[in-house]
Structure formats: structure tokens, C-alpha cells
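Working notes, structure below.
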Amino acid sequence: MLKVGDRAPDFAAISDSGTPISLYEYLKRGKVILYFYPKDNSPGCTAEAIAFKESWNRIRELGADIIGVSSDSVESHKKFKSSCELPFTLITDQDSKIRRLYGVTGLLMPPRVTFIIDNDAIIKNVYSSQMMARNHVRIAIEVLESMKNKV
């Protein structure tokens, strides 16, 4: 798995709206919370997505955007995003190419891992916890706040 200080690999993927996006295009606008999750509509993944939604305004104030990554289809992402009213982008990684780029692979279930990436594509934090889904948001905000205080 990539670690703090590593350069975040760029990738291209299809978003929940069916349009292609790239990480580096997002980074031109600010920091990115890139979070990998196992499955749309599962209890833990729904709790995590809702927690990110509830913190959306604070995350935007801290100059970051959010990209959620799972192997679910674009259609599944559309439904998940709509049902949870998510304001951020979900991308599909059906061939696990992005997971492999970031070293976020598992044996039975895809891991739940969150990366905080700054404008220069340097990873500032990595948090991995399958069971503590809502903690990903808390840790992300703490890291973003500490980055802001260092400026």
C-alpha cells in the first residue's frame, strides 16, 4: 500500500455521471480525499458515505474534494449516490486497476482505505479500517485542518 510521502498515481475512471475523470484534474482545484470502499449500499459503506456527506461543507471549506472508489458499476453508483443524496463523485473500478495502483487489495473483501492527497499529488495521510467506517471522515478532517494550520 502507498504511504505518507508517496506520490499519488494519476488514474482515469468513469464517474457516477458516466463521464471520465482523472485524479490530477481534481488536484488542480485543491486537495482530494480519495476513499476506497467495498460495496454500494452495504451498511458500513452507507454509513461512511453519509458521514462524508454530513461533513461536505467543512471539507470544502478546508479546500478538499472527495472521490469514492469501488468496483460497483456506474449504474450502481448512480443509484447509491441518489439514494444517499451524495454531493461528491463516485467512480467505478470494476477491474481493480486503481486499487492495485494504490495497493488497496484484499483477500476476501476489498479494504476500506482513505488517502488524503495534497495539490502536488503527495499523500499526506493513509487511514485503513474496515470496521470503523465513520472514523475515515473524522481522521480526514483532522488531517485537512492540520494542513491548513501549517500554511
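Derivation of every value follows stated rules applied to the coordinates shown; laboratory data play no part. It should be emphasised that the depicted structure is a prediction, and the values quoted were computed from it without experimental measurement. Don't worry about glycine lacking a Cβ; one is built from the backbone with ideal geometry, like all the others, and counts go over all protein chains shown.
The peptide list 84-91, 4-11, put in order of mean Cβ contacts within 10 Å with the highest first, becomes 84-91, 4-11. Between Asp65, Asp120, Asp93, the residue with the greatest mean-square fluctuation in the GNM of the chain (Cα pairs under 10 Å linked by springs) is Asp120. Largest GNM mean-square fluctuation across Val104, Val69, Val113, computed for the chain with C-alpha springs under 10 Å, falls on Val104. Considering only Thr19, Thr92, Thr114, the Gaussian network model of the chain with Cα springs below 10 Å gives its largest mean-square fluctuation to Thr19. Contact order normalised by length for the chain, with contacts defined as Cα pairs under 8 Å and 6 or more residues apart; what percent is it? Relative CO of the chain lands at 33 percent. Farthest towards the positive end of the charge dipole of the chain, among the residues Gln94, Ala8, Ser146, is the Cα of Ser146, using unit charges on the Cβ of Lys, Arg, Asp and Glu. If both residues of a DSSP beta bridge must be in the chain, then about 60% of such bridges are antiparallel. Distance from the Cα centroid of region 18-35 to that of region 42-121 is 12 Å (rounded to whole angstrom).
Over region 12-150, the Kirkwood radius and the radius of gyration, each from Cα atoms, give a ratio Rg/Rh of 0.92. Counted residue by residue at 0.36 nm each, then reduced by the alpha carbon distance between them, the extension gain from Thr105 to Tyr24 reaches 26.9 nm. Non-local lysine pairs in the chain, meaning eight or more places apart or on different chains, with alpha-carbon distances under 19 Å, amount to 19. Of the residues Val126, Ile67, Cys84, the one whose Cα sits farthest toward the positive end of the charge dipole of region 12-150, with +1 on the Cβ of Lys and Arg and -1 on the Cβ of Asp and Glu, is Val126. Near the amide H of Asp72, within less than 5 Å, lie the amide hydrogens of Asp40, Asp93, all on another chain or at least 5 residues away, with H placed in the peptide plane.
Put simply, when 138-145, 35-42 are sorted by average Cβ atoms within 10 angstrom per residue, most first, you get 35-42, 138-145. Put a plus charge on the Cβ of each Lys and Arg, a minus charge on the Cβ of each Asp and Glu, and nothing anywhere else: the dipole of region 12-150 about its Cα centre is then about 200 debye.
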